[in-house]
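Shown next, in C-alpha coordinates, is the structure this report addresses.
The values are calculated or read from the model by the stated rules, or taken from the named source; none is laboratory data. Keep in mind it's a predicted model, so treat the numbers as computed, not measured. FYI the Cβ positions are ideal-geometry reconstructions off the backbone, even for glycines, and counts take in every protein chain you see. Ligands, DNA and RNA are stripped out before the accessible areas are found, and what is left, the full protein with its side chains, is counted by its heavy atoms. Shrake-Rupley method; radii C 1.70, N 1.55, O 1.52, S 1.80 Å.
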Amino acid sequence: MTPSASHEHAHGHTHGHTHEHGGSDQEALTQVLDLDAELFAPYLTSVTARLADAAGDGVTHVVDLGAGTGTGTFALLERFPHARVTAVDSSPEMLARLAGAARAKGLGDRVRTLETDAGAGLPGITDADLVWASASLHHVDDPAAALAGVHAALRPGGLLAVAELDGMPRFLPDDAVAGRPGLEARCRAALDALHAERMPHLGADWGVLLAAAGLTVEQARTEPLELSAPLPASAGRYAHLVLDRIRVALDGLVDPADLAALGTLLDGGPADVRHRDDLVVRSTRQLWVARRPVDTAS
Ligand SMILES: C[S@@+](CC[C@H](N)C(=O)[O-])C[C@H]1O[C@@H](n2cnc3c(N)ncnc32)[C@H](O)[C@@H]1O
(Lines give C-alpha, C1' and ligand atoms only; values in the text may rest on other atoms or scores of the structure.)
Protein backbone atom coordinates (compact mmCIF):
# COMPACT_ATOMS: atom_id res chain seq x y z
CA MET A 1 0.00 0.00 0.00
CA THR A 2 1.24 3.49 -0.76
CA PRO A 3 1.29 5.45 2.46
CA SER A 4 -0.89 8.54 2.01
CA ALA A 5 -2.15 10.86 4.68
CA SER A 6 -5.91 11.36 4.24
CA HIS A 7 -7.42 14.83 4.49
CA GLU A 8 -10.82 16.10 5.54
CA HIS A 9 -12.45 19.51 5.72
CA ALA A 10 -14.96 20.56 8.29
CA HIS A 11 -17.07 23.66 8.47
CA GLY A 12 -16.58 26.32 11.06
CA HIS A 13 -15.37 29.83 10.71
CA THR A 14 -11.75 30.33 9.84
CA HIS A 15 -9.91 32.16 12.54
CA GLY A 16 -8.30 35.47 11.71
CA HIS A 17 -4.88 34.83 13.25
CA THR A 18 -4.04 32.11 10.80
CA HIS A 19 -4.81 34.01 7.64
CA GLU A 20 -3.73 37.51 8.43
CA HIS A 21 -0.11 36.73 7.57
CA GLY A 22 1.43 36.61 4.13
CA GLY A 23 3.09 33.56 2.63
CA SER A 24 6.61 34.50 3.71
CA ASP A 25 5.47 34.95 7.30
CA GLN A 26 3.88 31.50 7.18
CA GLU A 27 7.15 30.11 5.84
CA ALA A 28 9.09 31.79 8.66
CA LEU A 29 6.62 30.37 11.18
CA THR A 30 7.10 26.83 9.85
CA GLN A 31 10.87 27.23 10.22
CA VAL A 32 10.52 28.58 13.76
CA LEU A 33 8.29 25.65 14.76
CA ASP A 34 10.69 23.06 13.33
CA LEU A 35 13.78 24.71 14.86
CA ASP A 36 12.02 25.04 18.21
CA ALA A 37 11.25 21.31 18.20
CA GLU A 38 14.85 20.52 17.22
CA LEU A 39 16.43 22.71 19.91
CA PHE A 40 14.04 21.66 22.65
CA ALA A 41 13.80 18.00 21.60
CA PRO A 42 14.80 16.71 25.08
CA TYR A 43 11.91 18.67 26.61
CA LEU A 44 9.42 17.26 24.08
CA THR A 45 10.75 13.76 24.73
CA SER A 46 10.31 14.18 28.49
CA VAL A 47 6.77 15.51 28.03
CA THR A 48 5.65 12.64 25.78
CA ALA A 49 7.17 10.17 28.28
CA ARG A 50 5.11 11.77 31.04
CA LEU A 51 1.99 11.54 28.87
CA ALA A 52 2.65 7.85 28.17
CA ASP A 53 2.88 7.23 31.93
CA ALA A 54 -0.40 9.06 32.52
CA ALA A 55 -2.22 7.49 29.56
CA GLY A 56 -1.24 3.88 30.27
CA ASP A 57 -1.57 1.11 27.68
CA GLY A 58 -3.90 1.08 24.72
CA VAL A 59 -3.40 4.52 23.18
CA THR A 60 -4.62 4.08 19.61
CA HIS A 61 -5.99 7.51 18.64
CA VAL A 62 -4.18 10.78 19.29
CA VAL A 63 -5.41 14.20 18.15
CA ASP A 64 -2.88 16.97 17.56
CA LEU A 65 -4.91 20.17 17.88
CA GLY A 66 -3.37 23.11 15.99
CA ALA A 67 -0.74 20.73 14.67
CA GLY A 68 1.31 23.22 12.64
CA THR A 69 4.23 21.49 10.94
CA GLY A 70 3.60 18.34 12.96
CA THR A 71 6.33 18.47 15.58
CA GLY A 72 3.88 17.05 18.14
CA THR A 73 2.34 14.62 15.64
CA PHE A 74 5.70 13.00 14.89
CA ALA A 75 6.87 12.95 18.52
CA LEU A 76 3.59 11.26 19.53
CA LEU A 77 3.68 8.73 16.67
CA GLU A 78 7.10 7.70 17.96
CA ARG A 79 6.02 7.59 21.59
CA PHE A 80 2.80 5.65 20.86
CA PRO A 81 3.80 3.12 18.18
CA HIS A 82 0.28 1.61 17.95
CA ALA A 83 -1.50 4.93 17.56
CA ARG A 84 -2.75 6.89 14.60
CA VAL A 85 -2.82 10.70 14.77
CA THR A 86 -5.51 13.07 13.55
CA ALA A 87 -3.69 16.35 12.87
CA VAL A 88 -6.14 19.26 13.15
CA ASP A 89 -5.42 22.78 11.95
CA SER A 90 -7.32 25.69 10.43
CA SER A 91 -4.51 26.30 7.95
CA PRO A 92 -4.68 24.12 4.82
CA GLU A 93 -1.06 25.07 4.03
CA MET A 94 0.16 23.73 7.37
CA LEU A 95 -1.81 20.52 6.91
CA ALA A 96 -0.50 19.99 3.37
CA ARG A 97 3.02 20.42 4.63
CA LEU A 98 2.41 18.06 7.55
CA ALA A 99 0.88 15.40 5.27
CA GLY A 100 3.86 15.67 2.93
CA ALA A 101 6.27 15.25 5.84
CA ALA A 102 4.30 12.23 7.07
CA ARG A 103 4.53 10.59 3.64
CA ALA A 104 8.26 11.38 3.40
CA LYS A 105 8.81 9.66 6.75
CA GLY A 106 6.79 6.62 5.66
CA LEU A 107 4.11 7.49 8.25
CA GLY A 108 1.35 8.56 5.87
CA ASP A 109 -0.90 5.66 6.75
CA ARG A 110 -0.86 6.65 10.45
CA VAL A 111 -1.77 10.31 9.90
CA ARG A 112 -5.09 11.87 8.93
CA THR A 113 -5.42 15.64 8.55
CA LEU A 114 -8.57 17.53 9.47
CA GLU A 115 -9.01 21.16 8.43
CA THR A 116 -11.23 22.91 10.93
CA ASP A 117 -11.38 25.72 13.46
CA ALA A 118 -10.60 24.26 16.87
CA GLY A 119 -13.24 26.56 18.31
CA ALA A 120 -15.92 24.76 16.30
CA GLY A 121 -15.41 21.31 17.85
CA LEU A 122 -13.83 18.19 16.40
CA PRO A 123 -16.42 16.71 14.05
CA GLY A 124 -16.70 12.95 13.99
CA ILE A 125 -14.16 12.37 16.77
CA THR A 126 -15.43 10.70 19.95
CA ASP A 127 -12.71 8.16 20.69
CA ALA A 128 -9.50 10.13 21.28
CA ASP A 129 -7.25 8.64 23.95
CA LEU A 130 -5.08 11.77 23.98
CA VAL A 131 -5.50 15.30 22.64
CA TRP A 132 -2.27 17.32 22.37
CA ALA A 133 -2.65 21.09 22.02
CA SER A 134 0.71 22.86 21.82
CA ALA A 135 0.89 26.63 21.40
CA SER A 136 -2.48 26.53 19.68
CA LEU A 137 -5.33 27.00 22.15
CA HIS A 138 -4.40 30.62 22.85
CA HIS A 139 -5.28 31.36 19.19
CA VAL A 140 -8.94 30.36 19.49
CA ASP A 141 -11.58 33.04 19.99
CA ASP A 142 -13.55 31.07 22.55
CA PRO A 143 -11.47 28.69 24.70
CA ALA A 144 -14.57 27.37 26.51
CA ALA A 145 -16.13 26.30 23.18
CA ALA A 146 -12.85 24.73 22.06
CA LEU A 147 -12.51 22.80 25.35
CA ALA A 148 -16.14 21.62 25.11
CA GLY A 149 -15.20 20.23 21.69
CA VAL A 150 -12.14 18.49 23.14
CA HIS A 151 -14.24 17.04 25.99
CA ALA A 152 -16.65 15.55 23.43
CA ALA A 153 -13.78 14.19 21.32
CA LEU A 154 -12.11 12.39 24.23
CA ARG A 155 -13.22 8.96 25.30
CA PRO A 156 -14.11 8.82 29.00
CA GLY A 157 -10.75 8.58 30.80
CA GLY A 158 -8.90 10.17 27.87
CA LEU A 159 -6.29 12.90 28.37
CA LEU A 160 -5.84 16.45 27.17
CA ALA A 161 -2.33 17.95 27.30
CA VAL A 162 -2.06 21.72 26.87
CA ALA A 163 1.47 22.99 26.23
CA GLU A 164 2.07 26.73 26.14
CA LEU A 165 4.94 29.24 26.21
CA ASP A 166 5.02 32.28 28.47
CA GLY A 167 5.86 34.44 25.44
CA MET A 168 8.59 34.73 22.85
CA PRO A 169 11.95 33.15 23.77
CA ARG A 170 14.77 35.43 24.93
CA PHE A 171 18.32 35.35 23.60
CA LEU A 172 20.55 38.25 24.61
CA PRO A 173 22.38 39.87 27.51
CA ASP A 174 21.14 43.27 28.67
CA ASP A 175 24.05 45.09 26.94
CA ALA A 176 23.85 43.19 23.65
CA VAL A 177 23.78 46.39 21.57
CA ALA A 178 26.07 49.26 22.62
CA GLY A 179 24.12 52.34 23.66
CA ARG A 180 20.76 50.50 23.91
CA PRO A 181 20.83 48.68 27.27
CA GLY A 182 17.69 46.64 27.96
CA LEU A 183 16.76 46.45 24.27
CA GLU A 184 15.34 42.93 24.33
CA ALA A 185 13.37 43.52 27.55
CA ARG A 186 11.75 46.65 26.07
CA CYS A 187 10.88 44.83 22.85
CA ARG A 188 9.42 41.97 24.81
CA ALA A 189 7.27 44.32 26.92
CA ALA A 190 5.94 45.97 23.74
CA LEU A 191 5.26 42.56 22.24
CA ASP A 192 3.43 41.41 25.39
CA ALA A 193 1.20 44.48 25.12
CA LEU A 194 0.49 43.72 21.45
CA HIS A 195 -0.31 40.09 22.23
CA ALA A 196 -2.60 41.07 25.10
CA GLU A 197 -4.62 43.04 22.57
CA ARG A 198 -4.57 40.50 19.71
CA MET A 199 -4.43 37.19 21.57
CA PRO A 200 -6.09 37.76 24.93
CA HIS A 201 -5.87 34.07 25.87
CA LEU A 202 -2.08 33.94 25.58
CA GLY A 203 -0.84 33.45 29.14
CA ALA A 204 -4.25 32.23 30.38
CA ASP A 205 -4.43 29.93 33.40
CA TRP A 206 -5.48 26.85 31.45
CA GLY A 207 -5.88 24.87 34.67
CA VAL A 208 -8.91 26.99 35.57
CA LEU A 209 -10.35 26.73 32.04
CA LEU A 210 -9.82 22.95 31.90
CA ALA A 211 -11.60 22.47 35.22
CA ALA A 212 -14.47 24.69 34.05
CA ALA A 213 -14.77 22.44 30.98
CA GLY A 214 -15.38 19.40 33.21
CA LEU A 215 -11.86 17.96 32.94
CA THR A 216 -9.84 16.84 35.96
CA VAL A 217 -6.46 18.56 36.05
CA GLU A 218 -3.79 16.02 37.04
CA GLN A 219 -0.59 17.92 36.27
CA ALA A 220 0.40 21.57 35.99
CA ARG A 221 4.06 22.37 35.45
CA THR A 222 6.14 25.41 34.54
CA GLU A 223 9.69 24.76 33.36
CA PRO A 224 12.19 27.50 32.57
CA LEU A 225 14.45 26.08 29.83
CA GLU A 226 17.86 27.48 28.98
CA LEU A 227 20.26 26.49 26.21
CA SER A 228 23.75 27.99 26.37
CA ALA A 229 27.15 27.61 24.67
CA PRO A 230 28.21 25.55 22.92
CA LEU A 231 25.06 26.03 20.84
CA PRO A 232 24.37 24.46 17.44
CA ALA A 233 24.19 26.82 14.43
CA SER A 234 20.44 26.21 14.40
CA ALA A 235 20.17 28.27 17.63
CA GLY A 236 21.46 31.35 15.78
CA ARG A 237 19.04 30.74 12.91
CA TYR A 238 16.18 30.29 15.40
CA ALA A 239 17.09 33.57 17.19
CA HIS A 240 17.31 35.36 13.84
CA LEU A 241 13.89 34.15 12.71
CA VAL A 242 12.22 34.97 16.03
CA LEU A 243 13.79 38.42 16.36
CA ASP A 244 12.98 39.23 12.74
CA ARG A 245 9.32 38.39 13.35
CA ILE A 246 9.44 40.61 16.46
CA ARG A 247 11.02 43.47 14.45
CA VAL A 248 8.22 43.30 11.87
CA ALA A 249 5.52 43.12 14.56
CA LEU A 250 6.94 46.11 16.48
CA ASP A 251 7.41 48.41 13.50
CA GLY A 252 5.88 51.72 14.57
CA LEU A 253 5.28 50.53 18.14
CA VAL A 254 8.71 51.10 19.72
CA ASP A 255 11.34 53.84 19.66
CA PRO A 256 12.83 53.87 16.13
CA ALA A 257 16.29 53.73 17.74
CA ASP A 258 15.32 50.39 19.33
CA LEU A 259 14.02 49.13 16.00
CA ALA A 260 17.31 50.14 14.33
CA ALA A 261 19.28 48.44 17.12
CA LEU A 262 17.20 45.30 16.58
CA GLY A 263 18.12 45.54 12.91
CA THR A 264 21.83 45.35 13.76
CA LEU A 265 21.18 41.95 15.34
CA LEU A 266 19.79 40.71 12.03
CA ASP A 267 21.77 42.40 9.24
CA GLY A 268 24.68 40.00 8.85
CA GLY A 269 27.09 42.45 10.54
CA PRO A 270 29.28 41.88 13.60
CA ALA A 271 26.34 42.03 16.06
CA ASP A 272 24.21 39.53 14.11
CA VAL A 273 22.72 36.83 16.36
CA ARG A 274 23.86 34.14 13.94
CA HIS A 275 27.52 34.93 14.74
CA ARG A 276 27.52 35.91 18.41
CA ASP A 277 29.03 33.79 21.14
CA ASP A 278 26.94 35.30 23.97
CA LEU A 279 23.63 33.86 22.75
CA VAL A 280 21.51 32.00 25.32
CA VAL A 281 18.11 30.57 24.37
CA ARG A 282 15.67 31.03 27.25
CA SER A 283 12.07 29.86 27.06
CA THR A 284 9.55 29.05 29.78
CA ARG A 285 7.25 26.13 28.98
CA GLN A 286 3.97 25.35 30.69
CA LEU A 287 2.14 22.06 30.62
CA TRP A 288 -1.29 21.07 31.93
CA VAL A 289 -2.52 17.49 31.75
CA ALA A 290 -6.22 16.89 32.37
CA ARG A 291 -8.48 13.86 32.12
CA ARG A 292 -12.07 13.45 31.03
CA PRO A 293 -13.73 11.75 34.00
CA VAL A 294 -15.01 8.26 33.25
CA ASP A 295 -18.49 8.88 34.55
CA THR A 296 -19.56 11.92 32.50
CA ALA A 297 -21.77 11.90 29.44
CA SER A 298 -20.50 13.57 26.25
C1 LIG B 1 2.23 28.36 17.10
S2 LIG B 1 1.60 27.13 15.99
C3 LIG B 1 1.89 25.65 16.95
C4 LIG B 1 2.05 24.42 16.09
C5 LIG B 1 2.38 23.13 16.81
N6 LIG B 1 1.31 22.71 17.70
C7 LIG B 1 3.68 23.23 17.55
O8 LIG B 1 3.68 23.24 18.78
O9 LIG B 1 4.73 23.27 16.90
C10 LIG B 1 -0.16 27.32 16.11
C11 LIG B 1 -0.94 26.49 15.11
O12 LIG B 1 -2.32 26.57 15.46
C13 LIG B 1 -3.07 26.76 14.27
N14 LIG B 1 -4.30 27.45 14.63
C15 LIG B 1 -4.45 28.75 14.99
N16 LIG B 1 -5.73 29.01 15.25
C17 LIG B 1 -6.42 27.86 15.07
C18 LIG B 1 -7.79 27.49 15.19
N19 LIG B 1 -8.71 28.38 15.59
N20 LIG B 1 -8.13 26.21 14.92
C21 LIG B 1 -7.22 25.31 14.53
N22 LIG B 1 -5.90 25.59 14.40
C23 LIG B 1 -5.51 26.85 14.68
C24 LIG B 1 -2.15 27.56 13.36
O25 LIG B 1 -2.51 27.43 11.99
C26 LIG B 1 -0.79 26.96 13.69
O27 LIG B 1 -0.50 25.88 12.84
Label-to-label distance, nm, for residues given as Q26 and A49 (7 Å Cα→Cβ offset): 3.7
Unit charges at the beta carbon, dipole of segment 134-193: most positive-side option, C187, L159, L172: L159
Solvent-accessible ranking of Y43, Y238, largest area first, probe 1.4 Å: Y43, Y238
For T48, solvent-accessible area (1.4 Å; no DNA, RNA or ligand), Å²: 10
Difference of contour (0.36 nm per residue) and Cα-Cα distance, A144 to L194: 15.7 nm
Span-rule helices in the chain, defined as complete DSSP H runs reaching 20 Å or more along the axis (Cα) with Kyte mean at least 0.0: 41-55, 233-249
Segment 143-190, dipole about Cα centre (Lys/Arg Cβ +1, Asp/Glu Cβ -1), debye to the nearest 20: 140
DSSP bridge pairs, the chain: antiparallel proportion in percent, nearest 5: 45
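What's the magnitude of the charge dipole for the chain around its Cα centre, counting Lys and Arg as +1 and Asp and Glu as -1 at the beta-carbon? Answer in Debye, nearest 20.
Working: 24 positive and 40 negative charges, 126 e Å.
Around 600 debye, computed over the chain.
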